[in-house]
Amino acid sequence: MRICIPTQDDRERDAIASEHFGSAPFYTIYDSEMKSYHTVNNADRGHHHGSCSPMKVLHQENINVALCRGLGQRALQKLQEAGIRIFQSLEANVQANIESFLRNELTEFTMENSCHTHNCHS
């Protein structure tokens, strides 16, 4: 399984989780089979609200799951259309979020609990 977490920095397992999916400077990818991490730069982060395209960055990463603090309905829809399940992260860093996910402690995002504005979870 390949898990994506939007992050503020590129310190892989120690990276700080970003507050919002599309505006994250980086995406940290965890491969559960290989037990490895790598970071991808989000070149699309300077967008207007509602016009981000996370799949531009993630389409080649074969992501199965994304963990994030918040994301808008359009991003949720695009990820779901790509077959990616999205769960709300609760922890500050990547490693803690991965551990919470693997213990089934995170709630899956739906249209009803996704963000309607950039400040919905702050």
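All of the numbers you see were taken from the coordinates with simple rules; none came from a lab. All values reported here derive from a predicted model rather than from experimental measurement. Neighbour counts run over all protein chains shown; Cβ positions are idealised from the backbone, glycine included.
Points to keep in mind about this one:
- With neighbours defined as other Cβ atoms within 10 Å of a residue's Cβ, the residues MET111, MET55, MET1 order from fewest to most as MET111, MET1, MET55.
- Spin-label model, ASN41/ASP9: points 7 Å from Cα along the beta carbon direction are separated by 1.8 nm.
- Dipole orientation for the range 2-102: of the candidates MET34, ALA75, ILE63, ALA75 has the Cα lying most toward the positive pole (charges on Cβ; Lys, Arg +1; Asp, Glu -1).
- Within the shell defined by Cβ-Cβ distances under 12 Å, the residues around ILE84 carry a net charge of 0, with Lys and Arg each +1 and Asp and Glu each -1.
- Peptides 69-78, 27-36 ordered by packing proxy, namely the average of other Cβ atoms within 10 Å per residue, highest first: 69-78, 27-36.
- Taking amide H as placed 1.01 Å from N in the peptide plane, ALA66 has its amide H under 5 Å from the amide H of CYS4, ARG85, ILE86, PHE87, each at least 5 places away in sequence or on another chain.
- Whole-number Å³ per residue for the convex hull built on Cα positions in the range 2-102: 81
- Beta bridge orientation in the range 2-102: antiparallel %, DSSP, nearest 5: 70
- R0 of 35 Å, Cβ-Cβ distance SER100-ARG74: FRET efficiency to nearest 0.05: 0.85
- Each of GLU99, GLU91 was scored by other Cβ atoms within 10 Å of its Cβ. Arranged with the fewest first, they read GLU99, GLU91.
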